[in-house]
Amino acid sequence: MMDFIGQSYGFFRSDPLSSFIGMFVVFFSVLTVIYSIGFMRGKKGLVRYYIYILLTIAASLGVVFANHLIVLMIFWGVLGLLLYLLIGFGENERVSYTAKKTFIIIGGTDAFMLLGAAFIWYLSGTFDMDKLSIALDNKIAVYAYLCLAVGAFAKAGAMPFHSWVPDTAEDAPTPVTAFLPASLDKLLGIYFLARISLDVFQMNGAMNVFLMVVGSVTIVAAVMMALIQHDFKRLLGYHAVSQVGYMVLGIGTGNPIGIAGGLFHMLNHAIYKSCLFFSGGAVEKKAGTTDLEKLGGLVKVMPVTFMTFFVASLSISGVPPFNGFASKWMVYQGVIESGKSGGHLWIVWLIAAMLGSALTLASFMKLIHAIFLGQPSRERKITDERIQETGLTMLAPSIVLAALCIAFGIFAYSGPLKAFIFPAVQGVVFSGVWQAGLATVLILIGIVLGLVIYLLGSAAKTREAEVFMGGEILKDIPDMRISGAEFYNTVQDIGVLKFMYRLAQEKAFDIYEVGTKVTFGFNKVLRSLHNGVLSTYLSWCLLGMIVLFWILLG
Amino acid sequence: MIYLMYVLMFGFLLTAVIGLLASWIDRKVTARVQYRVGPPLMQPLTDIIKLLGKETLVPVGASKTAFLLAPLVGLASVILVSTLLWLNNINPKESFIGDLIVVVYLLTIPSVSIIMGGFASRNPLASLGASREMKLILGYELPFLLAILVPVIKSGLSIRLGDMLTAQMQNGVFIGSWSGFLAWLVVIFCMQAKLGLVPFDVAEAETEIAGGAIIEYSGPGLAVFRLMKNMLLFTLPFFVMILFMGGLRFDGIHFLYGVLKYVGLVALITVIRNTNPRVRIDQAVRWFWGPMTMMAIAAVLLAIWGR
């Protein structure tokens, strides 16, 4: 393994960064395949499905280890096509629209990347990434960087190229969502962003600020959208967008601790988001719906799924001592460090990131209430309260990932950071303090203390009782049920948020919808010229001829 | 092993004793304001012991584990935070367990535990109360985060609590400056909301949703929640003291000042809670996102300015 790192093989090359990402690409692929065995059972076209999955693994490894820009872009393009094909396995009637939208956004940004590669050739005359180190001191270099960054943003799902992620999350089969937008696309998109920001180009202050703006806006805007969703897969999709913000922000800080935090967050995100989608998929499989209004009270039916979902929810919300906290904490330090070199904008980035974390917590509290806790819906398909977990192939991946959420949080320093991140990012210095292992031990001591208090009391012997509703009986008045889907309606109506939410409902922030409108707008203008009246066409011809003669002979 | 002693002595025992005392002060003052005699000194402790003897009821259909585990997690996090604050305050030179960001995150766990407990109760009133608690967190978190940046800026962009205490020992307490004072005011309001006291007791609102998130709790579960809230009555003001008022010092007269600062803060909390009506949740969120955030931004700008 060690001999493998740092070697060059023709168009390919491996270094600590690409090796660790390649390793996790394979890890998530294995889990997805295991999960698919359970989830996709009985679906049509399974042979094609697994072939596409295997091709995706191969193409992803190609992207990670490619050293030649054009080779990288070929694999990148293949990945876009495979994503399109895999989304097609969804069973929703909107799925063809979603697949087309995804393909257009990814394909369109791929075109930008090609343009960026052309600029790089113009500037340096080589496509080998390890030989490049371009200073961002002229316009062409800046354009080249932006073009390549756009590709990375679209792949990872950063704003404003995010709108395919929530749609895909809602319509594609759950393993596909867990596999591509939630884990692999994040790993690859952020890998490419890190690669161009750390190696191919020499970043300057202005470009770092640009990255931090993109990161902060993505964090807050996407999580605000997540708050109001009614479909849990779509809600998770918006979080897949929001979390990219932390990674972009981390890389944008430009100092080792921030970059290491961003990369660590990328890894952690892939872990907990796959876990969330896997657990959510189990609920979908059993309950037959992803609509929050039609679920509720599943904790007794699916206790293991609840545990994995809960652990992953706490991780993504950044609750210590789970892994999401460890990486967010490093990103925050990076942001504060960036303030030491002058400027006061770090305050804005820090507040956006930390508030985003509270909003994430809020939307996951809503999810947990609406799916697992709270009162069951009358429309819930599972009516009895026996334990009905899904099969082992669907449970095992979630359990493994939930265990990793805990392990990577508690042993962050001695485990993943030391093994994967620090070799890739040199010179990380912590300015804060977080002794995760000790803190966990102390929390456990605290829980034991609480247990002692319980045992001093009567908690060992419990009695079941109907819920207290001031004398009313809950079963007789089903209207009293609170699903949780409408928890944040009060927040939605406050001041400027109301206006922003209305714009978002009209899809004013969706680059695909806006692009469609602009394109069809042109169409409208051009179409009005084609009105079928011969004399109009003749007069246009005449006008054209006059112009041509005037230009050519004048 | 030494850490076990820290946790038991400082994090749990000392914090609980002071918290129960503070709770007594709070109840006594409230009673005097309302022309009542008020409870005897041991009443808060007696209440908890009495609750331990009561039956533990679990709502039908609720997950017993989630329902009974929620209070324990809340209590454990308060114990951890207070251990951390005590040790950082006793020896500011040496950093222990966590920094400012860690404390801010750990301080949301008690609220999360109340929310989880409410959700696990399967009671619509509890769901309602818990969702209000969550919205309240969203509300106060923005001004709170802004306000605690003032000590960060003033101590030269350090997020270690020890550095903040050292900076205040050398250059005077942060509350003495304009920015520090404004930020302190904001934090006082946020603290009131974090403690779930009037005017921000929307999550429990006894007269309206009958205890809200904790409506189904009885016996030991309720006792642990009560103990957690009483301990927070020490932990949160102590945190504010460390950030803005120079913390607690143990040399001679300074120790007395420290005690006075703490009693003053508890008195302030009590006065606010006795002179205000309960606000609606949307009013609370508007209040925190409007005037409080403006004030916090002003404090941050002043701090950058150096005032």
For this session: Could you tell me whether the stretch A:187-201 includes any residue that is among the polar types (S, T, N, Q) and within 30 Å of residue A:34 (Cβ to Cβ)?
Result: no
For this session: For residues that are more than 7 Å from every other protein chain (Cβ to nearest Cβ) and assigned to a helix (DSSP H, G or I), scanning just the stretch B:101-110, find the one that is farthest from residue B:239 (Cα to Cα).
Result: B:110
Seminar exercise, completed: Those residues of the stretch A:26-38 that are under 20 Å from residue A:195 (Cβ atoms) and buried (at least 23 other Cβ atoms within 10 Å of the Cβ) come to a total of 1
Exercise. Is there a residue being without any contact (Cβ under 8 Å) to a residue 60 or more places away in the chain, over 30 Å from residue B:224 (Cβ atoms) and of a type in the set (S, T, N, Q) anywhere in the stretch A:495-509?
Worked result: yes
For this session: Inspect all residues belonging to the stretch B:63-73 and state whether any of them is within 15 Å of the chain's Cα centre (by Cα) and part of a helix (DSSP H, G or I).
Result: no
For this session: Looking only at the stretch B:77-100, decide whether some residue is over 30 Å from residue B:169 (Cβ atoms), out of contact with any Asp or Glu (no Cβ under 9 Å at 6 or more places or on another chain) and either more than 7 Å from chain A (Cβ to nearest Cβ) or crowded, with 21+ Cβ neighbours inside 10 Å (or both).
Result: no
Exercise. Consider residue A:43 against the criteria (1) over 21 Å from residue A:234 (Cα atoms); (2) surrounded by 16 or more Cβ atoms within 10 Å (Cβ to Cβ); (3) not aliphatic (A, V, I, L, M): it satisfies all of them except one. Which criterion is unmet?
Worked result: (2)
For this session: Could you list, in sequence order, all residues of the stretch A:411-460 that are exposed (fewer than 15 other Cβ atoms within 10 Å of the Cβ), part of a loop (DSSP other than H, G, I, E, B) and either of a type outside the set (Val, Ile, Thr) or not assigned by TED's automatic domain parsing to the domain that holds residue A:15 (or both)?
Result: A:426, A:427, A:430, A:460
Problem set entry | Residue match in the stretch A:207-218 (condition: in the same structural domain as residue A:28 (by TED's automatic domain parsing), under 30 Å from residue A:295 (Cα atoms) and in contact (Cβ under 8 Å) with a residue 12 or more places away in the chain) | yes
Problem set entry | Candidate set from the stretch B:197-239 (those that are assigned to a helix (DSSP H, G or I) and among the polar types (S, T, N, Q)); member that is farthest from the chain's Cα centre (by Cα) | B:207
Exercise. Outside any helix (DSSP H, G or I) and more than 10 Å from every other protein chain (Cβ to nearest Cβ) - does that describe any residue in the stretch A:355-372?
Worked result: no
For this session: Could you run through the stretch B:243-270 and say how many residues are in contact (Cβ under 8 Å) with a residue 24 or more places away in the chain, under 22 Å from residue B:25 (Cα atoms) and either part of a helix (DSSP H, G or I) or polar (S, T, N, Q) (or both)?
Result: 8
Problem set entry | Lone unmet requirement of (1) modelled with pLDDT under 90; (2) at the interface with another protein chain (Cβ under 10 Å from one of its Cβ atoms) for residue A:328 | (1)
Exercise. Inside the stretch A:284-340, can you point out the residues that are in contact with a helix residue (DSSP H, G or I) (Cβ under 7 Å, 6 or more places away or on another chain) and of a type in the set (Asp, Glu)?
Worked result: A:284, A:337
Seminar exercise, completed: Note on residue A:478: of the conditions (1) modelled with pLDDT of 80 or more; (2) more than 10 Å from chain B (Cβ to nearest Cβ), unmet is (1)
For this session: Name the residue, out of A:439, A:465, that is under 30 Å from residue A:409 (Cα atoms) and facing chain B (nearest Cβ under 7 Å).
Result: A:439
Seminar exercise, completed: Going through the stretch B:258-278 in order, the residues found to be among the aliphatic types (A, V, I, L, M) and surrounded by fewer than 17 Cβ atoms within 10 Å (Cβ to Cβ) are B:259, B:260, B:263, B:267, B:268, B:271
Seminar exercise, completed: Taking the stretch A:191-207 and keeping residues surrounded by 19 or more Cβ atoms within 10 Å (Cβ to Cβ) and in a helix (DSSP H, G or I) leaves A:191, A:192, A:193, A:194, A:195, A:196, A:197, A:200, A:207
Problem set entry | Set A:254, A:318, A:280: member being touching a Lys or Arg at 6+ places or on another chain (Cβ under 8 Å), of a type outside the set (Ser, Thr, Tyr), on the phi > 0 side of the Ramachandran plot and in the same structural domain as residue A:183 (by TED's automatic domain parsing) | A:318
Seminar exercise, completed: Among the residues of the stretch B:42-66, the number that are touching a helix residue (DSSP H, G or I) at 6+ places or on another chain (Cβ under 6 Å), at the interface with chain A (Cβ under 9 Å from one of its Cβ atoms) and of a type outside the set (Gly, Ala, Ser) is 7
Exercise. When you look at residue A:77, is it assigned by TED's automatic domain parsing to the domain that holds residue A:118, within 21 Å of residue A:102 (Cβ to Cβ) and surrounded by fewer than 19 Cβ atoms within 10 Å (Cβ to Cβ), yes or no?
Worked result: yes
Exercise. Could you say whether any residue in the stretch B:140-150 is under 26 Å from residue A:317 (Cβ atoms) and touching a His at 6+ places or on another chain (Cβ under 7 Å)?
Worked result: no
Problem set entry | Among (1) out of contact with any Lys or Arg (no Cβ under 6 Å at 6 or more places or on another chain); (2) over 22 Å from residue B:22 (Cβ atoms); (3) buried (at least 23 other Cβ atoms within 10 Å of the Cβ), the one test that residue B:232 misses | (2)
For this session: Looking only at the stretch A:214-230, decide whether some residue is touching a helix residue (DSSP H, G or I) at 6+ places or on another chain (Cβ under 6 Å), surrounded by 24 or more Cβ atoms within 10 Å (Cβ to Cβ) and under 18 Å from residue A:430 (Cβ atoms).
Result: no
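The values are calculated or read from the model by the stated rules, or taken from the named source; none is laboratory data. All values reported here derive from a predicted model rather than from experimental measurement. Positions of Cβ are generated from backbone atoms using ideal geometry, with glycine treated the same way; all protein chains shown enter the neighbour counts.
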